[in-house]
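The values are calculated or read from the model by the stated rules, or taken from the named source; none is laboratory data. Quick caveat, the model's predicted, so the values are computed rather than measured. Here the Cβ is made from the backbone with ideal geometry for all residues, glycine too, and neighbour counts use every protein chain on show.
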Amino acid sequence: MTGAGDDEIIIEVKGLVTRFGSHVVHDGLDLQVRKGEVLGIVGGSGTGKSVLLNMILGLLTPAAGEILYNGRDMTTLNEEERRDLESEWGVLFQGSALFSSLTVRENIMVPLKEHVTMSRSLMAKIADMKLGLSGLPANAADKFPSDLSGGMKKRAGLARALALDPEVLFLDEPTAGLDPIGANRFDELIKDLSKTLGLTVIMITHDLDSLHAICDRVAVLAEKKVIATAPVPELEDNPHPWIQEYFHGPRGRAARAG
Amino acid sequence: MATVEGRRDDPTGLDVIEADGATRLKPSGDWTVHEIGRFERPMMKAASGRVVIDLSELGHLDTAGAWLLGQATEGSDDPDGDACFEGEHPYARRLIAEVRERMAECEDEPKRDGGVVAMFARIGRGMIGFRDETVDTFAFLGRTLTTAASTAVRPHRLRWTATIATMESAGVNALPIIAVLSFFIGAVVAFMGANLLETFGASIFTVELVGIAVLREFGVLITAIMLAGRSNSAFTAAIGSMKMQQEIDAMKVIGVDPFEALVLPRVIACVVMAPLLTLAAMLAGIFGGMVVSWATLDISPAFFIQRLQSAIDWSQFFVGMSKAPVFGLVIAVIGCRQGMKVKGDVESLGRRTTASVVQAIFAVIVIDALFAMLYLELDI
């Protein structure tokens, strides 16, 4: 389960077309995610990164194309298979999406209650362990999401996403809105977890430092397609003007130097 | 050997063997979060004295399983040392050590209060809350009135567009539902009166009954309760979500007084529209009574109106009308105040909207009772 680099494909998107009314977001988009890798997804604002994520998660239905998970078309799954699949995925949404009426510990326990049979005290213990795993202090357990800072919310959201020890972890802009120190720690945490747990991580990010630090490969969304998927050093040599500007603009240079 | 758990067709299991003064635990199969629930008790029971874990049969292990296995050696001097483990596994020891290191030592979940003392404490908190809310509502009312006074001096500061828009959404759009409700209330009153008064041979007094009930109480009460349920909750939700998005803070920073921009237009709209809606409710209610009288008592509409004019004093109408602007004011003030009280989370928006409707209806009924006592003393 550990070690990136074996080329087994876990998620495959083929010829995806997304339309909102007459507005076409994706037109024949292809994407492959390998087992155990950390895949970054980048693209300008409004290129449909979050929409792509929602498509893979099954929150939106594609106009055409298919999405395969472990070689199976996700639209053909029945209710029960769908539930099993959900317990293999963890998602950290952009706004953390914690349930505001529950404490942090109860938030982490929600997936456990839904999918697993065990005593409540054991659930609470496992929730505490996930809390520690995602780097939250112990006193955060009984706080409500409204009492947490942005960075702590992200960590709590991550702890909830990790509650069932998922195979695949989806992160939507995990470091957006964090201070550089917090963002660095978050990056390290993701890298650590993906190594220790053998996670496959798919993350949308604008953070060039994250790309350099933790992503094995990066997929670039532009012109309604994935125009390139490659490790960062390879992408830097890609002649496409958007990629050139992205990696060789002032921010890109600073991130590379750091 | 004692197999503690695990079905025969299921490779996941736990063997506990007592030997040489030590407990040997031999987990087998996959120890993941889906499986470990049933091993909690045997693990905790076994975890005393010297414990050795044999990893040779273990399959897939995740963090939850690693945590539970780690608990068994927790009592040892060196819980992750070689003395505690036997057998080979590609990553189990690393994972167990990592999870132990990162485990947050949280306090146990707080117990929920119960019992008689807690009940009295809740009642006490409720009373204090009621007092604070009342005082705070009056403070808000005062602030609104001072804002209104300063705007009266400089009328160009009033947000005309917002005021008219609120008049439309809270007033004009509420007209159909208020008229329909009032029609039915008038009809029901006439029906009950007709049945009861007929036994005394005094069914003609149904006209007085409908007239007084609708003009004095029901017209204005139906209007107030609809305003409280419809517009007041809308005010709270609208202002509350603005509060959540920091729009109110943005206003303050830019130099816009939220009382002037948000509260005053709504209050003025309600104070102006409440009497107009009440008038419509009165007309609809009397119409309802008239229709029922015609159908069940053979009192013709012409006679009904004539009787209404001669038997009922104008003062009944003015008693009802005089309450309308007061109710409008109270409802708008409570709705806006609750909206301003919303904090950053969604939960508080829901709580405040509920509180806003409950308080508004409560206030309307209480004030109505006060008016009744006042007019009784004044002999009106």
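Identify, from the list A:86, A:81, A:66, the residue that is buried (at least 17 other Cβ atoms within 10 Å of the Cβ), away from every other protein chain (no Cβ under 11 Å), over 22 Å from residue B:67 (Cβ atoms) and charged (D, E, K, R).
Numbers: A:81 fails: buried (at least 17 other Cβ atoms within 10 Å of the Cβ); A:66 fails: buried (at least 17 other Cβ atoms within 10 Å of the Cβ).
Among A:86, A:81, A:66, only A:86 is buried (at least 17 other Cβ atoms within 10 Å of the Cβ), away from every other protein chain (no Cβ under 11 Å), over 22 Å from residue B:67 (Cβ atoms) and charged (D, E, K, R).
Check segment A:158-171 and report whether any residue there is at pLDDT below 90 and of a type in the set (Phe, Trp, Tyr). No, segment A:158-171 contains no residue that is at pLDDT below 90 and of a type in the set (Phe, Trp, Tyr). Within segment B:186-218, the set of residues being over 23 Å from residue B:321 (Cα atoms) and buried (at least 23 other Cβ atoms within 10 Å of the Cβ) comprises B:193 only. Every condition in (1) more than 14 Å from chain A (Cβ to nearest Cβ); (2) closer than 24 Å to residue A:198 by Cα holds for residue B:65 except the one numbered (1).
Here is a yes/no grid of residues against (1) of a type outside the set (Gly, Ala, Ser); (2) closer than 29 Å to residue A:10 by Cα; (3) assigned to a strand (DSSP E or B):
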position	(1), (2), (3)
A:154	yes, yes, no
A:165	yes, yes, no
A:194	no, yes, no
A:220	yes, yes, yes
A:228	no, yes, yes
A:233	yes, yes, no
A:247	yes, yes, no
A:252	no, no, no
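Quick check: is even one residue across segment B:315-326 among the hydroxyl-bearing types (Ser, Thr, Tyr), surrounded by fewer than 18 Cβ atoms within 10 Å (Cβ to Cβ) and part of a helix (DSSP H, G or I)? Among the residues of segment B:315-326, at least one is among the hydroxyl-bearing types (Ser, Thr, Tyr), surrounded by fewer than 18 Cβ atoms within 10 Å (Cβ to Cβ) and part of a helix (DSSP H, G or I), which makes the answer yes.
What about residue A:113, is it in contact with a Ser or Thr (Cβ under 6 Å, 6 or more places away or on another chain) and at pLDDT 85 or above?
Details: in contact with a Ser or Thr (Cβ under 6 Å, 6 or more places away or on another chain): no; at pLDDT 85 or above: yes.
Against the criterion (in contact with a Ser or Thr (Cβ under 6 Å, 6 or more places away or on another chain) and at pLDDT 85 or above), residue A:113 does not qualify.
Taking the conditions exactly as written (under 25 Å from residue A:84 (Cα atoms) and either surrounded by 15 or more Cβ atoms within 10 Å (Cβ to Cβ) or at pLDDT below 85 (or both)), does residue B:3 satisfy them or not? Spelling it out, it is not the case that residue B:3 is under 25 Å from residue A:84 (Cα atoms) and either surrounded by 15 or more Cβ atoms within 10 Å (Cβ to Cβ) or at pLDDT below 85 (or both). When segment B:106-127 is limited to residues that are charged (D, E, K, R) and surrounded by 10 or more Cβ atoms within 10 Å (Cβ to Cβ), the one that is modelled with the lowest pLDDT turns out to be B:113. When segment A:103-122 is filtered for residues that are more than 9 Å from every other protein chain (Cβ to nearest Cβ) and under 18 Å from residue B:107 (Cβ atoms), the ones remaining, listed by number, are A:104, A:107, A:108, A:109. Looking only at residues in segment A:123-139 that are part of a helix (DSSP H, G or I) and surrounded by fewer than 16 Cβ atoms within 10 Å (Cβ to Cβ), the one that is farthest from the other protein chains (Cβ to nearest Cβ) is A:139.
Only one of A:216, A:142, A:207 is in contact with a helix residue (DSSP H, G or I) (Cβ under 7 Å, 6 or more places away or on another chain) and either away from chain B (no Cβ under 14 Å) or on the phi > 0 side of the Ramachandran plot (or both). Can you tell me which?
Details: A:216 fails: in contact with a helix residue (DSSP H, G or I) (Cβ under 7 Å, 6 or more places away or on another chain); A:142 fails: either away from chain B (no Cβ under 14 Å) or on the phi > 0 side of the Ramachandran plot (or both).
Unique residue meeting the criteria: A:207.
Screening residue A:72 against (1) away from chain B (no Cβ under 13 Å); (2) under 30 Å from residue A:187 (Cβ atoms) leaves a single unmet condition, (2). Looking only at residues of segment B:41-58 that are within 11 Å of chain A (Cβ to nearest Cβ) and surrounded by fewer than 18 Cβ atoms within 10 Å (Cβ to Cβ), we find that the one that is farthest from residue B:102 (Cα to Cα) is B:41. Within segment B:90-123, the residues that satisfy the criterion of being more than 12 Å from chain A (Cβ to nearest Cβ) and not basic (Lys, Arg) are B:113, B:114, B:115, B:116, B:117, B:118, B:119, B:120, B:121, B:123. Looking only at segment B:342-380, which residues are away from chain A (no Cβ under 14 Å), within 30 Å of residue B:244 (Cβ to Cβ) and surrounded by 15 or more Cβ atoms within 10 Å (Cβ to Cβ)? Hits for segment B:342-380 are B:353, B:355, B:356, B:357, B:359, B:360, B:361, B:363, B:364.
Residue count for segment B:128-153 satisfying the condition of being surrounded by 12 or more Cβ atoms within 10 Å (Cβ to Cβ) and acidic (Asp, Glu): 2.
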